[in-house]
Structure formats: structure tokens, C-alpha cells
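Written below as C-alpha cells is the structure these notes are about.
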Amino acid sequence: MIALATSLLLSSSSAIPVGVSPRLELVCTIFRLAECSEYANAPKYPYVERVDAHFGKFKSHTTVQFVEQLRSKYSIGFDRVASFAAHIHPTKWEWRIKPSELPGSLHRGFPPEVAQEFLKKVETFAKDTRADEFYLREKSFFKAVEQRFSELLAQKPYRKWIEGVFGSQKSNTFQAIPGLLIGGSNYGMSVRMPKGNTFICPMIGVWQVDKEGMPVFDQSDSGTVVHEFCHVFTNPLIDAHLRAFGETGDQLYEARKNIFYPQAYGSGRIILYETMVRVGTIMAARELDTPANAAIAEEEEHRRGFLWAGELATLLQRLRKENPGKTLGAFMPQVVEFMNKVPSTMEARLAALPKILKTTPASGATVKADVQELVIEFSEPMDTARRGTSGLPLGQWPDGTAKGKWSEDGKTLRFPLKLVPGQKYEVTVGDLWNPSYRSTKTGLPLEPVPIKFTVEGSK
């Protein structure tokens, strides 16, 4: 009965097809062989081991060597690589579109003439490595991955929701692509096809696997699909109104650079892009999921630095309710008005976040080896069920097995220490990437705070 229900969902017109892309896998493999960090961070699981075993002996291939030129001269990496792969025809070594159409579709950071040269080299690499034979052997594995991801996406009418928010375009083609070698990265890709058709193909990275070595997809992945699909629609809306936003994006980036930079967000325009897709993710969670999961989605966007995303989502939901049938693009003047006021509210928003008032030992201190406790004092009561303290490479986290003990009022956390003379320690309290310490009063997250100290003496 369950299998039948899943089958019916998968056959629904609102379902999002899932397909592994051998073209993406091959291009990722080339960048992996070139030791490009963003394409070498996939978890170590059987598929990755098979990739390394088959292609590893080709690290010195001219195509792999060419990547160094792509990196140094054109800064090709991350989503530029994904965009290149999305544009390759799935069965022929040519583009999905005419070469003359590449400038209007391929990532603007990948010069079309360079992409043309690289495509020829990728074809040579594929032939020299017998890549087709490898992917043919992986066909059953790919099908199993697709089935897992499809079952997750079939649980909610994501495509219907996307088309309701942004407008239904029958000429658009949807496909979610599991990126088996891109680790925790995700890319909202699309190809502008002839006659107004757009091939919309978000690439979702695999960052966790089960005991059988199979990729695991969970609720966060379905939210990521919505996030990456939204990019295709919201980025052009931001571009069309960029002048009206004035300096807002740059002001927000400067105000939150310590949070945005570690996420590889490097400009005000990107912050505006990311604001809109995170607003879309919150809206989708509120309208398609449980209140608990919607709250988690909103908390995640706030934790990533977008403290205004929940409010903007509420505004857009109200406007949609008051104006049935209108798509999000009709409300961009209101979005611009809202966003242009946010910089003036940043001081108050940041003041509302929970903070660490004091640590003992203090960060930067040199301490005696007999210090037995790290004490962290917060500005307000915290959710004592939350964790989020981790050690970093400067040194071993003192007694990392300890979970810490909270005071009754939830404002003080104590960790037992067992220090090594001469050792340097660094810990981070708070977590940018996962649910962590938060205020019980406001629900707002503690932003990551590094604490460093050195122990007297020698090892």
C-alpha cells in the first residue's frame, strides 16, 4: 500500500523528477583530481572510492592540468563548474543550446570561449578514461539514489507550490540532480533553452550516508531543493530591481560580514539573492510542512545571518493572501521598500541576539595547567537542551567527552577541563551550520564565538 501511494505521488504532475547526471559527475571528478577543495569534500563512501579507483590514475591528464589555468586565470570553481556541467548535452559532447546562446545562460563568470575549449578537453578525458563504461556500471546505484530522493520530494507538492508563487510556465522543465561528489554544497542551476523554455536543475550535494554506503536524504534536503529552485526565479527579480535597492545589499553585507563570509557570500547582490530564496524556503515550510518544521526552517535562516527573513516572509504571505492569483514578482516594490529599511534596524536586531558576557578563562589568556573549569556566562536564559561547542585545529578540546553543566537559570554553562601544559586551545561556542545555543526568551540564536587560551609550561 505504501509502495502504491509513493508510486502515485511520483507519477503526479506536481512531482519533481530526479536524475543523477553523469556529465556533472565527470566534471566534478576532474576538479576532484585537481584537488579543488569544494569538489573534494564529499564523504568517503563506496561510490567515491570507486570513482577514485577508476579515475585516480589520470591525475596527470592534460584536462586535469588545464583546471589549474581555469582556477588561476578565471577563478573557475563552485557554481561556475556546476553551470558548465548543466549546459552539456546528456548524450552528445556538445551544448544543450547553441554556442551563440551561451552568454545568456552560462554562469557569467565562465567565459563562453573558455567553456568551449574546456568542453573539448572534457570529451578527451571521458574517452581516455572510458568514463562511459564506468557510469554504465554505476547505473543501478544511480537508480537507487534517484529512488531515495524521489520518495522524499514526492511527500510534498513542491513543484505546484513553486509554480503558484512564481507563475506556471508549461515550457519549463524541472529536474533535481543529486551531486554525488559535491559534499555539502548545493547549486541552483538552470539552462535557458530555445523558445522560452528553461531547464531548471538544482544540484543537491550528498553529505551523509548510511551504513550501507547509500546517500541519505532528509527534510533539510527537500528544503534545499526549494531554496535552489527559488534562485532560478528570484535572482532575475533582484537583478530587475537592483537599482531600486540602492546600497542596501552592500550595507547588509558589511553589517554581517563575519557571518556571511564563511558561507562564501561575498557581495551585496548575493545577500539580496540569498534573502529572497531564504524567504521562499520559510514560506514553503509554513505552507507545506508542520509548524514545528516551519519554525526550524525560520531558525536556520536567522542562524545564517538573515535576521529579517521571517518578517519578509510574513509580509509576502499576507500580500499573496490579499491578492490571490498574483505571483511574487508583482510584490517586488513592497520587497524593495521593506529591504531598504532593514539596514537602519540592524543595530536593534543585533542587540536582541543573545551574547556571551564573560568566559573564565578569558579568550586570549594564558592560564595555569591546574585550571579545572571553563565557565561561559550568557546574557539571558538559554535553551539548556541545545549543544554547539566544538574544538578547532589549534588544539585538542579540553576533555571533549564532557557535555557541560547548566545553572538552574540557564545563563551559565560549565565545562570540566583537563589541561595539558604548553597546549593551545581554541573552542567555538555556537554553530553556524547546525541548531545550537539559543535564547529561551526570543528564540534567537547565539552567533559563533571563538574562545582561545594557552596553558603555561611545556608539553
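Past the 27 Å Cα-Cα mark, which pairs from K57/K92; K358/K424; K211/K452; K92/K143; K156/K326?
Result: K211/K452 exceed 27 Å.
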Study note, to complete from the structure: Taking Cα atoms only, Rg over Rh for segment 78-168 with Rh from the Kirkwood formula is 1.06
Practice item. Would you work out which of A86, A297, G184 lies farthest towards the positive end of the dipole of the chain, given +1 charges on the beta-carbon of Lys and Arg and -1 on that of Asp and Glu, about the Cα centre? Key: A86
Study note, to complete from the structure: Tilt, helix 139-153 to longest principal axis of the chain (alpha-carbon atoms), in degrees rounded to tens, equals 60
Study note, to complete from the structure: Taking only C-alpha positions in segment 294-350, Rg and Dmax in angstrom work out to 12.5, 37
**Study point:** Approximate spin-label separation A385-D370, in nm, with each point projected 7 Å along Cα-to-Cβ
**Key:** 4.1
Point to revise | Debye intensity ratio I(q)/I(0), log10, segment 356-455, q values 0.10, 0.17 Å⁻¹ (C-alpha model) | key: -0.25, -0.72
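Can you run the Rg to Rh ratio on segment 241-351? Use alpha carbon positions and the Kirkwood inverse-distance Rh.
Radius of gyration over Kirkwood radius for segment 241-351 works out to 0.96.
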Check your understanding: In nm, to one decimal, how far is the modelled label at I296 from the one at R349, with both set 7 Å along Cα→Cβ?
Key -> 2.4
**Study point:** For segment 45-76 versus segment 209-286, the gap between their alpha-carbon centres in whole angstrom
**Key:** 28
Study note, to complete from the structure: Over all directions, the chain yields a Cα convex hull whose mean projected area in nm² is 25.4
Exercise for review: Work out the length of the dipole vector of segment 162-294 about its Cα centre, built from +1 on the beta-carbon of each Lys and Arg and -1 on the beta-carbon of each Asp and Glu, and round it to the nearest 20 debye.
Suggested key: 380
Point to revise | Positive-end residue, segment 305-389 charge dipole about Cα centroid, Cβ charges, pick of T389, M339, F378 | key: M339
Practice item. Extending each Cα 7 Å along its Cβ direction at M332 and K139, get the distance between those two points in nm, one decimal. Key: 4.5
Practice item. Step through the residues of segment 280-294 one at a time and calculate ³J(HN,Hα) from phi using the Karplus curve (6.51 cos²θ - 1.76 cosθ + 1.60, θ = phi - 60°), rounding each to whole Hz and writing x for Gly and Pro. Key: x, 5, 5, 4, 4, 5, 5, 8, 10, 10, 6, x, 5, 5, 5
Check your understanding: Per-residue ellipticity at 222 nm for the chain, helices alone: DSSP H runs ≥ 4 residues times -39500 (n - 2.57), over residue total, nearest 500 deg cm²/dmol?
Key -> -13500 deg cm²/dmol
Revision key, fill the gap. So the angle from the long Cα axis of helix 46-55 to the longest Cα principal axis of the chain, reported in degrees to the nearest 10, equals 60
Revision key, fill the gap. Rounded to the nearest 10, the angle in degrees between the Cα long axis of helix 332-341 and the longest principal axis of the Cα atoms of the chain comes to 20
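Dipole of the chain, Cα-centred, from +1 at each Lys and Arg C-beta and -1 at each Asp and Glu C-beta, to the nearest 20 debye?
460
Laboratory data are not the source of any read-out in this text; all were calculated from the coordinates shown. Note that the structure is predicted; figures quoted are calculated from it, not measured. Positions of Cβ are generated from backbone atoms using ideal geometry, with glycine treated the same way; all protein chains shown enter the neighbour counts.
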